[in-house]
Amino acid sequence: MQLWFARGSEVSIREQLVTQVVLGILSDDLAPGQRLPSTRELARRFHLHPNTVSAGYRQLQRDRWVEFRRGSGVYIRATKPEMPPTPALALDQTIARLFRSARKLGVSLPALRSRLRQWLELQPPDHFLLVEPDEELRRILAAEIARAVKFPVQSCGTEDCPKTLEGGIPVVLPNRVATVKTLLPAGTELLTLQVSSVPASLMGYLPAPAGILVGVASRWAEFLKVARAVLNAAGFHPDSLVFRDAREANWQRGLKQTAAVVCDSLTAAELPAGCRAIPFSLLSEASIEELRRYEEFISQPLGSL
């Protein structure tokens, strides 16, 4: 059985050794009773620390894949361990069958790797990737997207945006398109989201009633700034508005005394009990519908496209 090790991988060398031996047993590359290379031999051949190899062999022994024979070495057990099936083991068995079939066809390991890489690159996206440098805005948008679709949502800033998308559909606001395009491979298609109109969203609450106290709360500073300008322009007296930055300690104080609290959809869930929330969705309805169309298209079986 051929072994290989990827240094610098997120998977430890010990776990790489254990996984490959298990795969070898499941695919019958390693037969019952077969002797494995000694700790010293394996460490010398692959320039590994002997303690790493020894730890891998001990784990295989604990899991009942191999047995130690005093003065002789490490051997594959005569019977495979009986254990409840797990998703990881089921996946290992599937991979083992693939390797066994490839071997029967005379396919080399490099050729199999290359073909697998091509297939992985052809697989449909499996999540939305929101790219937004403003951390608080990113949290709000990610929460709104997650509520609108069943597709998984991941997010990042421009400084930690991945160079390869790896199954992600990049999602950005219009003012970030130019910047994000420079971070991704040439020709990458971006899904551009539109933000709702604040005045249109507040139209149902206008004209401003006199003599009431209204709260405004958000973790996003720009939300507070825009809400102040719009509400003042709509006729709310500055003294009738209570602004709270949800990033600050005790930000909820005084909000129970307001008639209602205008807030983003994420902050709405953190308001004190009894507060009437007027949540403002940042994403426009058109953008939500576009996200759902993407989700529906990607979720269709290949044969139905």
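Figures for the structure shown
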read-out	value
Candidate set: the stretch 241-266, residues that are in contact (Cβ under 8 Å) with a residue 40 or more places away in the chain and farther than 10 Å from V216 by Cα; chosen: the one nearest to the chain's Cα centre (by Cα)	L266
Within the stretch 137-194, considering residues that are closer than 25 Å to E289 by Cβ and among the acidic types (D, E), the one surrounded by the fewest Cβ atoms within 10 Å (Cβ to Cβ)	E189
Only one of E15, E41 that is within 28 Å of the chain's Cα centre (by Cα) and either assigned to a helix (DSSP H, G or I) or surrounded by fewer than 17 Cβ atoms within 10 Å (Cβ to Cβ) (or both)	E15
Residue match in the stretch 106-117 (condition: touching a helix residue (DSSP H, G or I) at 6+ places or on another chain (Cβ under 6 Å) and under 30 Å from W4 (Cα atoms))	yes
Selection from the stretch 64-79 of residues that are outside any strand (DSSP E or B), loosely packed, with under 13 Cβ neighbours inside 10 Å and not small (G, A, S)	R70, T79
Flag for V180 being part of a strand (DSSP E or B), at pLDDT 90 or above and of a type in the set (V, I, T)	no
Some residue of the stretch 25-35 being within 17 Å of V74 (Cα to Cα) and part of a helix (DSSP H, G or I)	yes
Residue in the stretch 98-115 that is assigned to a helix (DSSP H, G or I) and β-branched (V, I, T) present	no
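The values are calculated or read from the model by the stated rules, or taken from the named source; none is laboratory data. Owing to the predicted nature of the structure, the values given are computational and were not obtained by experimental measurement. Here the Cβ is made from the backbone with ideal geometry for all residues, glycine too, and neighbour counts use every protein chain on show.
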